[in-house]
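Just below is one structure, and these are the notes that go with it.
Here, each number is a calculation from the coordinates, and none is a lab measurement. Please read these numbers as outputs of a predicted model, since none were measured by experiment. Please note: Cβ atoms are built from the backbone with ideal geometry, for glycine as well, and neighbour counts cover all protein chains shown.
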Amino acid sequence: MSDLNLQDNNDVDNKIRLQLYLARCGVASRRGSEVFITDGRVIVNGAIVTELGTKVSLEDVVLVDGKQVTLEEKKRYVLLNKPAGYVCSLADEKNRPVAADLLKPHFSERLYNVGRLDMFSQGLIIFTNDGEFAKEISHPSSGIEKEYLVETSLPIPFHLSEKFMKGIRIDDVFYKCRKAEQLSARQIKIVLVEGKNREIRRVFEEFEIGIKSLTRTRIGTIAMDDLEVGQYREITKTEIENLRSLI
């Protein structure tokens with residue numbers, strides 16, 4: 001019962017907001033849980049709930065997509081080297097391979113991805129059932145760097161790095177990387193902080209340069225090291241603390 005922890009809610013009725021409850025059940029981040037609610041996928045005590053202000057207690061029966069969810073007793077933090085061809089979502093309406101499914105045989109907890117990698121990219125992505133942790137490190141204001149290695153089909157224009165670091169506006173969206181270092185004629189290392197949707201791909205499309213492979217090699221202080229494609233490992237307590245220290 002004590003796991004509910006109501007200190008940040010100032011409640012006296014032992015209830016918390018539904019989206020926070022779902023996050024602590026490992027359903028999704030708090031923001032992601034809000035989408036589950038507004039989409040009508042959450043049932044409380046037999047009734048569909050779509051109001052974000054709804055509060056629940058430990059005595060309430062909460063279902064998501066027809067399955068009861070309960071507070072996770074153990075927090076998990078897992079690093080996966082996602083293969084290309086897998087999508088980052090809990091389910092896919094097009095029946096494409098889902099990255100989270102690579103972890104399901106190994107963990108009883110419901111783990112979800114923190115941030116995303118597009119289907120055709122590979123590399124590091126964190127999975128957890130700790131909604132508060134996910135919110136902390138995925139928020140644009142966290143300042144956590146993400147490093148990518150890009151290999152292209154054509155030589156990279158020498159001015160691409162400089163323009164990307166200064167900032168490029170494409171279709172009314174402003175893209176700017178923290179660092180871009182060209183390693184060879186067709187290979188470049190890029191560091192992002194905020195990381196807008198398909199940012200690197202959109203910038204390279206603007207320069208009419210095709211991408212052969214895009215690999216995320218680092219998240220903050222956590223590097224790929226010898227983690228092979230498709231492999232995973234649990235993130236250590238020290239690594240979690242080091243990540244949080246960057247925020």
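Fewest first, what order do Val78, Val193 take by the number of other Cβ atoms within 10 Å? Write out the running numbers ahead of the final one.
Numbers: Val78 20, Val193 15.
Going from sparsest to densest Cβ surroundings: Val193, Val78.
Can you give the Rg to Rh ratio for the chain, taking only C-alpha atoms and Rh from Kirkwood? All intermediate terms of the calculation are to be shown ahead of the outcome.
On the way: Rg = 19.8 Å, Rh = 19.6 Å.
My calculation puts Rg/Rh at 1.01.
Using only the Cα atoms of region 145-219, what are the Rg and Dmax in Å?
Expressed in Å, the Cα Rg and Dmax of region 145-219 come to 11.0, 31.
Which ³J(HN,Hα) values, rounded to whole Hz and listed in residue order, are derived for region 54-65 from phi using the Karplus coefficients 6.51, -1.76 and 1.60 in 6.51 cos²θ - 1.76 cosθ + 1.60 with θ = phi - 60°, glycine and proline given as x?
Listing the rounded values in order: 4, 10, 9, 10, 5, 7, 6, 9, 10, 10, 10, 6 Hz.
Can you list which of the trypsin sites (Lys or Arg not before Pro) found in region 79-130 are DSSP loop residues with at most 16 other C-beta atoms within 10 Å?
On the way: sites: Lys94, Arg110, Arg116; in loops: Lys94, Arg110, Arg116.
The qualifying sites are Lys94.
Calculate for the chain the 222 nm mean residue ellipticity that helices alone would give, adding -39,500 (n - 2.57) per DSSP H run of length 4 or more and normalising by residue count, nearest 500 deg cm²/dmol. Walk me through the numbers on the way to the answer.
Numbers: 6 runs with 48 residues, N = 247.
That comes out to -5000 deg cm²/dmol.
Pull up all non-local amide H partners of Phe120: gap of 5 or more, or a different chain, and H-to-H distance under 5 Å with H placed in the peptide plane.
Gly85
For a paramagnetic label modelled at 7 Å from the Cα of Arg201 toward its Cβ, which residues of region 94-120 fall within the zone defined by backbone nitrogen distances under 13 Å?
116-120
By what distance, in whole Å, do the Cα atoms of region 18-118 stretch along each of the three principal axes, largest value first?
40, 29, 20
What is the order of Leu154, Leu117, fewest Cβ neighbours within 10 Å to most?
Values: Leu154 14, Leu117 24.
Starting with the residue having the fewest Cβ neighbours, the order is Leu154, Leu117.
What ranking of His139, His159 emerges when the number of other C-beta atoms within 10 Å of each C-beta is taken as an exposure proxy, fewest first? Working shown, then result.
Numbers: His139 14, His159 9.
Ordered from fewest to most neighbouring Cβ atoms within 10 Å, His139, His159 come out as His159, His139.
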